[in-house]
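Novice: Here's a structure for you.
The values are calculated or read from the model by the stated rules, or taken from the named source; none is laboratory data. Just so it is clear, the model here is predicted, and its values are computed rather than measured. Cβ atoms come from the backbone with ideal geometry, glycine included; neighbour counts cover every protein chain shown.
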Amino acid sequence: MTRVVVIFNGEGDSGQIEDTTAFAGDTQVALPGGEVASLDLPYGETQPVEQQHSAELALESMAYDLLKEKHDGWENSDGAYGEFTFDVAAQTITLDYNERFMSSEHHAYSW
């Protein structure tokens with residue numbers, strides 16, 4: 001596996017991960033089975049707790065955490081959409097983020 005793409009979409013005060021896809025080069029492959037360990041810092045706690053999750057759930061959880069860190073409220077109002085690319089070989093995570101918004105422009109004239 002060389003990269004994993006996690007697609008998200010939100011609006012109207014709700015948001016979700018829509019797809020998680022792994023690739024080896026340009027070929028789509030299955031995520032590894034079994035469980036992976038991750039550290040979670042529960043709200044109000046000072047010490048992290050180790051959690052065991054499937055690879056897909058661990059990636060989704062990380063995507064939600066990163067969205068909250070960079071764009072808290074991404075799911076509210078007109079919302080936002082985009083994707084994370086987890087580049088396994090380069091050990092990087094890239095966020096491609098698109099925010100929706102309604103615009104209004106008003107003009108008033110008096111003579």
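Novice: Please give the strands (runs of 3 or more DSSP E) falling wholly within the stretch 29-111 in which 3 or more residues are out of contact with any Gly (no Cβ under 7 Å at 6 or more places or on another chain), touching a residue at least 12 places away in the same chain (Cβ under 8 Å) and farther than 16 Å from E18 by Cα.
Specialist: Where strands (runs of 3 or more DSSP E) fall fully within the stretch 29-111 and carry at least 3 residues being out of contact with any Gly (no Cβ under 7 Å at 6 or more places or on another chain), touching a residue at least 12 places away in the same chain (Cβ under 8 Å) and farther than 16 Å from E18 by Cα, they are 35-40, 49-54.
Novice: Condition first: in a strand (DSSP E or B) and either in contact with a Lys or Arg (Cβ under 6 Å, 6 or more places away or on another chain) or without any contact (Cβ under 8 Å) to a residue 40 or more places away in the chain (or both). Now tell me which residues in the stretch 17-28 satisfy that.
Specialist: Hits for the stretch 17-28 are E18, D19, T21, A22, F23, A24, T27, Q28.
Novice: Something else about it: When the residues of the stretch 1-37 are narrowed to those that are of a type in the set (A, V, I, L, M, F, W, C) and within 11 Å of E83 (Cβ to Cβ), which ends up surrounded by the fewest Cβ atoms within 10 Å (Cβ to Cβ)?
Specialist: Among those that are of a type in the set (A, V, I, L, M, F, W, C) and within 11 Å of E83 (Cβ to Cβ), it is I7.
Novice: Ok, one more. Out of all the residues in the stretch 60-83, is one or more on the phi > 0 side of the Ramachandran plot and either in contact with a His (Cβ under 8 Å, 6 or more places away or on another chain) or exposed (fewer than 12 other Cβ atoms within 10 Å of the Cβ) (or both)?
Specialist: no
Novice: Can you tell me which residue is farthest from the chain's Cα centre (by Cα) among those in the stretch 68-89 that are under 26 Å from A24 (Cβ atoms) and either at pLDDT below 95 or among the basic types (K, R) (or both)?
Specialist: Checking each candidate, the answer is A89.
Novice: Kindly provide the set of residues from the stretch 74-97 that are out of contact with any Ser or Thr (no Cβ under 8 Å at 6 or more places or on another chain) and among the charged types (D, E, K, R), ordered by number.
Specialist: D78, E83
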